[in-house]
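Inspection log for the structure reproduced underneath, given as structure tokens.
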């Protein structure tokens, strides 16, 4: 996670200045990597950037939620699924209390067949 944390630190600075707009597109593309560790790093970067993502990429939240929905059902990696749950927890921390139930609903709707057996 060290490299992901460095990317997140740089992105935290650049996103607030609107200097790195292509980061989200890159992360979305990288989330389709055949390598599970790369998919997990994408989710971890989004998790660490969540404060910025909610403000800077507000219009892209549906794309990010779709990415999370796919990651919650990752058939090959418990790590990807677990990191996604952490990221969604972070999203719920940033939401108003009345909207937090939407995260629970989202998770339950998107991953009813997901298991933690690996």
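The values are calculated or read from the model by the stated rules, or taken from the named source; none is laboratory data. The model shown is predicted, which means the values in this text are computed figures rather than measured ones. Cβ sites come from the backbone with ideal geometry, for glycine too, and all protein chains shown count toward neighbours.
Out of 91, 104, one residue alone is at pLDDT 70 or above and either loosely packed, with under 13 Cβ neighbours inside 10 Å or assigned to a helix (DSSP H, G or I) (or both). It is 91. Could you go through segment 47-66 and let me know if any residue there is part of a loop (DSSP other than H, G, I, E, B), over 20 Å from residue 5 (Cβ atoms) and either at pLDDT 70 or above or out of contact with any helix residue (DSSP H, G or I) (no Cβ under 6 Å at 6 or more places or on another chain) (or both). No, there is no match, as no residue in segment 47-66 is part of a loop (DSSP other than H, G, I, E, B), over 20 Å from residue 5 (Cβ atoms) and either at pLDDT 70 or above or out of contact with any helix residue (DSSP H, G or I) (no Cβ under 6 Å at 6 or more places or on another chain) (or both).
I need the full set of residues from segment 25-51 which are surrounded by fewer than 21 Cβ atoms within 10 Å (Cβ to Cβ) and over 16 Å from residue 90 (Cβ atoms), in order please. The answer is 25, 26, 28, 29, 30, 32, 33, 34, 35, 36, 37, 38.
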